[in-house]
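The values are calculated or read from the model by the stated rules, or taken from the named source; none is laboratory data. Since this is a predicted model, take the numbers as computed values, not measurements. All Cβ positions, glycine included, derive from the backbone under ideal geometry; neighbour counts span all protein chains shown. Remember, those area values only see protein heavy atoms, side chains included, never the ligands or the DNA or RNA. Shrake-Rupley method; radii C 1.70, N 1.55, O 1.52, S 1.80 Å.
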Amino acid sequence: MIRFDNVTKVYPTQSGPALDSLTMEVERGEFVFLVGPSGSGKSTFLRLVLKEERPTSGRIRVAGKDLHRLSNWKVPHLRRRIGTVFQDFRLLPNKTVFENVAFALQVIGKSRRQIQRDVPAVLDLVGLDGKQDRMPDQLSGGEQQRVAVARAFVNRPLILLADEPTGNLDPATSVGIMKLLDRINRTGTTVAMATHDQSIVDQMRKRVIQLEHGKLVRDQSRGVYGYTR
Amino acid sequence: MRFQYVLSEIATGLRRNLTMTVAVIITVSISIALFGTGLLIRAQSEATKGYWYDKVEISVFMCNEYSRGGNCGGGEVTDSERERIQATLEDHREVAEVFYESQEEAYERFTEPLDDPVADVINPDHLQEAFRVALVDPDEYDGVVSAVAGLPGVQNVHDQREVLGPLFRLLDWFQVGAIVIAVIQVVAATLLIANTIRLAAFSRRRETGIMRLVGASNFYIQLPFILEAAIAGLIGSILGCAAVFALQEVAVSRLLAPNFTFTEWVSQSDVWMMVPWLLLTGVIISAFASFLTLRRYLRV
């Protein structure tokens with residue numbers, strides 16, 4: 001589902017490469033943790049998958065598409081098959097829960113009927129039924145992140161990328177979010193999650209890919225966090 | 001395409017950047033007004049030329065017994081000389097019509113308009129008989145002039161275009177001046193629009209960021225911004241057109257036309273002819289400026 005072949009990414013303003021000859025593959029339906037210290041290349045990895053950045057060298061395939069050959073005007077179609085969740089939720093503060101999730105469908109031209117059908121279903125899935133008319137600032141952090149997950153998942157993407165989704169949440173709330181991501185993974189969606197949260201990685205026992213200075217230093221199925229900060 | 005969404009985005013954008021939007025509207029209206037003025041002067045120039053060209057003629061003055069200079073060897077033009085001049089003119093392919101004016105007719109024309117004491121002391125013999133020549137194409141006067149200027153019995157060939165030349169040149173300069181100022185204004189308008197759209201894009205970067213992320217097409221993301229600029233451009237152009245109408249009404253219809261009747265003046269219908277072009281120019285400039293800006297600030 002995601003395949004990196006010898007991928008190097010060098011940002012012009014930085015000395016060392018953000019990713020250094022990374023080769024790895026994530027299969028369809030897998031759940032993968034990306035771990036490593038800040039600046040190890042986790043976020044760069046996610047940005048490359050979304051084609052927000054282009055690799056300096058190497059080949060990337062996502063959802064059967066060679067990103068190098070994917071023309072710019074087709075990038076939006078790639079992104080419709082990828083859902084993304086961030087540490088800071090990135091909700092629109094002036095829209096309700098329903099509108100925030102509906103926004104993701106509106107802007108890719110889905111019909112009103114489809115929105116009326118899909119948004120309540122996904123809000124139900126993330127456990128926010130009954131809160132669809134709240135504004136984001138009336139929700140707890142965990143609930144806000146659930147809205148963000150709902151927005152990422154409402155279009156039923158093949159891949160869900162999560163960049164430290166529990167970074168702003170307390171441990172109990174984080175567990176709730178992880179259960180949600182696990183449930184989404186069980187629907188067949190490939191999940192790649194960058195995290196610093198040791199206890200979550202240790203509990204989940206999923207595949208762990210560890211990066212350091214842009215290099216792959218460990219790829220372990222059913223792994224643990226494996227290093228101390 | 002969700003129409004309602006686009007409309008509400010435009011309304012939000014216009015409201016959020018009200019001061020800049022007003023600045024864009026004013027700049028566009030000034031540049032469109034100047035551009036329209038340039039076109040108006042051009043139309044005036046054309047109208048003036050059209051009016052005068054029908055009346056422009058070449059006068060071929062022939063020698064009388066007092067004539068000196070030219071090809072007057074001495075004394076009056078002879079019958080054979082006159083016939084030769086007339087034949088030359090009538091055979092020339094640029095000549096439409098030739099009228100003969102005798103000394104008596106010249107005298108009548110001379111004494112008719114003015115009650116002048118000079119008229120008492122001259123008699124028809126002092127005046128010259130002439131051919132008045134209407135041309136097929138008034139621009140092609142050179143050939144006709146040179147064809148007859150050298151013939152014996154011709155005292156002088158007079159081309160009325162020489163009188164009107166400075167007027168036409170003045171109109172041309174006005175026209176160039178108005179267009180140059182309009183172009184400068186258009187550049188200023190373009191930069192202002194670019195800046196406004198940049199601000200609008202910045203203030204909505206949260207929305208556009210999410211749109212990019214969930215896979216909205218570039219067109220869909222940019223459309224509200226481009227329409228926002230186009231609407232501001234349209235309002236500005238409408239104001240600019242109104243200014244051109246006002247100029248035509250006040251300066252031409254009320255001031256110039258009643259007092260200077262020696263030419264035709266541009267009418268309101270001439271302005272109406274320009275309106276589509278002015279509106280189109282304003283809208284396209286605005287939309288294009290925002291499109292170029294967004295290419296830089298809302299990349300994939």
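Worth a mention:
- Ordered from highest to lowest accessible area with the whole protein assembly present and a 1.4 Å probe, A:Asp88, A:Asp197 read as A:Asp88, A:Asp197.
- To the nearest 10, the accessible area of B:Tyr51 is 60 Å² with a 1.4 Å probe.
- Residues in region B:181-213 that, when all protein chains are in place, have 50 Å² or more less accessible area than the chain alone would give (probe 1.4 Å): B:Arg206, B:Glu207, B:Ile210, B:Arg212, B:Leu213
- Accessible surface comparison of A:Arg112, A:Arg183, probe 1.4 Å, protein chains only, largest first: the order is A:Arg112, A:Arg183.
- Interatomic Cα distance distribution for the protein assembly as shown, bins of 20 angstrom, percent: 17, 30, 19, 14, 12, 7, 0
- In chain B, the DSSP-assigned H stretches of four residues or longer account for a calculated mean residue ellipticity at 222 nm of -22500 deg cm²/dmol, using -39500 (n - 2.57) per stretch and the full residue count as denominator.
- Net charge of neighbours whose Cβ lies under 13 Å from the Cβ of B:Leu39, counting Lys and Arg as +1 and Asp and Glu as -1: -1
- Solvent-accessible area of B:Ser290 with every protein chain in place, 1.4 Å probe, in Å² to the nearest 10: 0
- Rounded to 10°, Cα long-axis angle of helix B:268-297 versus longest principal axis of chain B: 40
- Here the protein assembly as shown carries DSSP beta bridges of which approximately 65% are antiparallel, counting only pairs with both residues inside.
- Helical content of chain A, expressed as a calculated mean residue ellipticity at 222 nm, amounts to -9500 deg cm²/dmol (DSSP H runs of 4 or more residues, -39,500 (n - 2.57) each, divided by residue number, nearest 500).
- Given charges at Cβ of Lys, Arg, Asp, Glu: the protein assembly as shown dipole, positive-most of B:Leu278, A:Ala104, B:Val154: A:Ala104
- Folded to 0 to 90 degrees: helix A:141-153 orientation relative to chain A principal axis, Cα: 80
- When chains B and A come together, the accessible area they lose, probed at 1.4 Å and totalled over both chains, is close to 1900 Å².
- When you filter the chymotrypsin sites (Phe, Trp or Tyr not before Pro) in region B:217-300 for DSSP loop state and at most 14 other Cβ atoms inside 10 Å of their Cβ, you are left with B:Phe260, B:Phe262.
- Here the spin labels are modelled as points 7 Å beyond Cα on the Cα-Cβ line, and at A:Arg134 and B:Met273 they lie 6.8 nm apart.
- Share of carbon and sulfur in the accessible heavy-atom surface of region B:57-159 [1.4 Å probe, %]: 45
- For region B:57-159, the solvent-accessible area of protein heavy atoms averages 56 Å² per residue (probe radius 1.4 Å; ligands and nucleic acids excluded).
- Solvent-accessible ranking of B:Met211, B:Met273, largest area first, probe 1.4 Å: B:Met273, B:Met211
- Unmatched cysteines, the protein assembly as shown - criterion: no other Cβ of a Cys under 4.7 angstrom: B:Cys241
- Entry comment: accessible area of region B:2-45 is 45 Å² per residue, from protein heavy atoms only and a probe of 1.4 Å.
- Nearest-20 debye value, region B:57-159 charge dipole, Cβ charges on Lys, Arg, Asp, Glu: 400
- Part-to-part distance (alpha-carbon centres) for region A:43-117 and region B:148-199, which is given in Å: 56
- Dipole-positive endmost among A:Gly29, A:Gly64, A:Met135 within chain A (Cβ charges, Cα centre): A:Gly64
- In region B:1-46, burial by the other protein chains removes 20 Å² or more of accessible area from B:Arg2, B:Gln4, B:Tyr5, compared with the chain on its own (1.4 Å probe, ligands and nucleic acids ignored).
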